[in-house]
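Colleague: One structure is given below, represented as structure tokens, and several questions about it will come after.
Please treat every number below as a calculation from the coordinates, not as lab data. None of these values were measured; they are calculated from a predicted model. Note that we place each Cβ from the backbone using ideal geometry, even for glycine, and neighbour counts take in every protein chain shown.
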Amino acid sequence: MPKNLSIKIGPLKESDLPEADRIMRLAFGTFLGIPDPMNFMGDRNFIAPRFHSKHVKVLAARLDGRLIGLNVATRWGSFAFFGPLVVLPEFWDKGIAQRLLAPTMKLFDRWGLRCSGLFTFAHSAKHVGLYQKFGYWPCYLTALMTRTPDANTVQPDRPTLLSTMTRTQCDQAIAACAKITNKIDKGLDLTAEIGVVLAQRTGDIVLTHTRGALDAFAICLYGPGSEGGMKTCYIKFGAARGGAGAGDRFDRLLDACDAFAFSRGVPVEAGMNLAREDAFRRMSAHGFRPMTQGVAMLRPNIPGFNRPDVYVIDDWR
Ligand SMILES: CC(C)(COP(=O)(O)OP(=O)(O)OC[C@H]1O[C@@H](n2cnc3c(N)ncnc32)[C@H](O)[C@@H]1OP(=O)(O)O)[C@@H](O)C(=O)NCCC(=O)NCCS
């Protein structure tokens with residue numbers, strides 16, 4: 001098949017969602033050598049909840065109208081990441097991903113970000129080389145970690161959940177979350193992500209406080225049709241207020257996430273970039289174990305919020 005296929009890039013449509021989900025599972029499942037590629041990620045859904053989010057744009061690649069690839073771009077204020085980026089296996093190595101990445105970079109430039117990132121397979125020369133072509137540089141590893149909270153260690157207190165708050169309390173809490181992230185990295189803002197989780201009911205936001213002041217928060221995705229699915233509490237993003245005592249605040253956030261997951265009878269999954277050295281060590285001490293790891297790549301090559309003094313959970317998948 002020629003490399004100069006007449007590919008059209010445009011927005012993904014709602015009617016594409018089932019096929020987009022199929023391509024995502026088939027592409028990753030094939031790359032990873034999963035016997036039935038369609039089992040990749042089980043009941044977890046990384047496309048539909050994002051497609052229905054205002055802070056996310058999904059680009060589709062079509063050949064004669066047929067969907068053959070897509071890329072998902074997510075904006076968290078002054079930071080954005082892309083992924084899943086997937087191409088139907090029969091069309092690999094024909095330049096389709098690059099056709100999707102060029103407009104993704106234009107979109108990121110329009111968004112006026114401080115930096116953007118992605119998470120990829122550290123061992124794959126193809127993946128790292130592909131992204132380097134677009135200005136990304138491999139930085140620290142990100143570990144995808146898991147832990148099953150057990151009855152003996154879970155704190156008896158119920159965690160504070162954003163979904164149980166009044167409208168006013170909720171607005172104040174979301175503003176406090178934005179303040180925490182803005183202090184960690186200027187402009188980093190999860191407000192839209194939080195709003196979507198509440199609106200779609202795809203999980204909840206776990207909050208911890210000291211004398212009424214917000215210490216930390218975690219966006220925990222769990223439930224049918226969510227990124228966590230029915231068997232996992234996936235912390236898509238978590239952050240503890242920085243400065244003196246940040247490590248202890250982070251420990252208490254981990255306790256609160258344990259309590260949330262335990263109440264639903266599921267394990268916790270959370271990504272940690274190894275540049276956040278103390279946070280990684282605290283997760284290990286807390287009982288989290290890496291299931292697998294990949295590399296975070298950044299454009300431009302700056303630390304962003306992958307720094308030793310940062311207590312953030314995320315993985316950019
Ligand atoms: C990864 C994936 C999206 C790439 O899509 P693709 O359409 O095959 O990629 P392209 O053909 O546009 O680009 C391939 C590029 O990789 C780079 N590359 C390939 N092998 C390389 C190597 N050994 N060393 C360095 N760079 C290499 C080259 O830049 C190459 O393009 P070029 O030959 O034109 O220079 C696709 O293989 C896929 O869906 N994989 C499964 C899911 C996945 O891994 N998604 C990405 C997760 S981060």
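Colleague: Taking the beta-carbon count within 10 Å as an exposure proxy, list 64, 314, 278 from fewest neighbours to most. Present the calculation step by step, with values, prior to reporting the outcome.
Modeller: Values: 64 9, 314 26, 278 14.
Taking fewest neighbouring Cβ atoms as first place, the list is 64, 278, 314.
Colleague: Please list, short to long, the whole-number percent of alpha-carbon pairs of the chain in consecutive 10 angstrom bins beginning at zero.
Modeller: Cα pair-distance distribution for the chain, in percent: 6, 27, 36, 22, 7, 1, 0.
Colleague: I would also like to ask the following. If packing is taken as the average count of other Cβ atoms within 10 Å, what order do 176-186, 33-43 fall into, highest mean first?
Modeller: Numbers: 176-186: 18.2, 33-43: 12.1.
Ranking, from highest mean packing down: 176-186, 33-43.
Colleague: From the C-alpha coordinates alone, can you work out the Kirkwood hydrodynamic radius of the range 147-204, in Å?
Modeller: Details: mean 1/r = 0.0755 Å⁻¹.
After inverting the mean inverse Cα-Cα distance, the result is 13.2 Å.
Colleague: Taking 0.36 nm per residue of separation and subtracting the Cα-Cα distance, what length does fully extending residue 126 through residue 6 add?
Modeller: On the way: separation 120, 0.36 × 120 = 43.20 nm, distance 2.31 nm.
This chain segment gains 40.9 nm when fully extended.
Colleague: Over all pairs of distinct alpha carbons, what does the Kirkwood formula give as the hydrodynamic radius of the range 145-313, in Å?
Modeller: Values: mean 1/r = 0.0623 Å⁻¹.
It is 16.0 Å.
Colleague: Can you find, among 310, 296, 206, the residue farthest towards the positive end of the dipole of the chain? Put +1 on the C-beta of Lys and Arg, -1 on that of Asp and Glu.
Modeller: The residue sitting most towards the positive pole is 296.
Colleague: What share of the DSSP beta bridges in the chain is antiparallel, in percent to the nearest 5? Mind dumping the intermediate values first?
Modeller: On the way: 59 of 65 bridges.
In the chain, approximately 90 percent of DSSP beta bridges are antiparallel ones.
Colleague: Which residue fluctuates most in the GNM of the chain (Cα springs below 10 Å): 15, 53, 163?
Modeller: Of the options given, 15 has the highest mean-square fluctuation.
Colleague: Using Cβ counts within 10 Å as a stand-in for footprinting exposure, how do 194, 47, 313 rank, fewest first? Mind dumping the intermediate values first?
Modeller: On the way: 194 21, 47 25, 313 28.
Ordered by Cβ neighbours within 10 Å, fewest first: 194, 47, 313.
Colleague: What is the helix-to-structure angle for 167-184, meaning the angle in degrees between its Cα long axis and the longest Cα principal axis of the chain, kept from 0 to 90 and rounded to the nearest 10?
Modeller: It is inclined by approximately 70 degrees.
Colleague: Looking at the chain, how many pairs of lysines come closer than 15 Å at the Cα, when each pair is eight or more places apart or spans two chains?
Modeller: Details: 3/94; 8/94; 13/54; 13/57; 57/106; 94/126; 106/133.
Count of close lysine pairs: 7.
Colleague: Relative to a virtual label point 7 Å from the Cα of residue 309 in the Cα→beta-carbon direction, which members of the range 175-201 show backbone nitrogen distances below 16 Å?
Modeller: Within reach of a label on residue 309: 180-187.
Colleague: Next question. Given a 10 angstrom Cα cut-off, can you work out which residue in 83, 229, 129 is the most mobile in a GNM of the chain?
Modeller: 129
Colleague: Pick from 285, 80, 296: which is most flexible by mean-square fluctuation in a GNM of the chain where alpha carbon atoms under 10 Å apart are linked?
Modeller: The residue with the greatest mean-square fluctuation here is 285.
Colleague: Follow-up question, since we're still on this one. Can you give the net charge of the other residues whose Cβ lies under 14 Å from the Cβ of residue 132, counting K and R as +1 and D and E as -1? Mind dumping the intermediate values first?
Modeller: On the way: positive: 126, 133, 299; negative: none.
That sum, taken over residues with Cβ under 14 Å, equals +3.
Colleague: Helix 17-32 sits at what angle to the longest principal axis of the chain, using alpha carbons and giving 0 to 90 degrees rounded to 10?
Modeller: 90
Colleague: What is the magnitude of the charge dipole of the chain about its Cα centre, with +1 placed on the Cβ of each Lys and Arg, -1 on the Cβ of each Asp and Glu, and no other charges, expressed in debye to the nearest 20?
Modeller: Values: 40 positive and 29 negative charges, 177 e Å.
So the dipole magnitude of the chain works out to roughly 860 debye.
Colleague: Compute the angle between helix 96-111 and the longest alpha-carbon principal axis of the chain, please, reported from 0 to 90 degrees and rounded to the nearest 10.
Modeller: Rounded to the nearest ten degrees, it is 50.
Colleague: Continuing with the same structure: So what are the ³J(HN,Hα) numbers for the range 65-82, from phi and the Karplus equation (6.51, -1.76, 1.60; θ = phi - 60°), rounded to whole Hz, Gly and Pro as x?
Modeller: x, 8, 5, 10, x, 7, 9, 10, 10, 10, 10, 10, x, 7, 10, 9, 9, 10
Colleague: With θ set to phi - 60°, apply the Karplus curve 6.51 cos²θ - 1.76 cosθ + 1.60 along the range 281-294 and write out the HN-Hα couplings as whole Hz, x wherever there is a Gly or Pro.
Modeller: In residue order, the calculated couplings are 4, 5, 5, 4, 4, 6, x, 6, 10, x, 8, 7, 8, x Hz.
Colleague: Explain nothing, just compute: Karplus ³J(HN,Hα) = 6.51 cos²θ - 1.76 cosθ + 1.60, θ = phi - 60°, for every residue of the range 119-124 in order, whole Hz, x for Gly and Pro.
Modeller: These are the phi-based 3J(HN,Hα) values: 10, 9, 6, 5, 7, 8 Hz.
Colleague: Between residue 281 and residue 168, what is the spin-label point distance in nm, taking each point 7 Å from the Cα along the Cα→C-beta axis?
Modeller: 4.4
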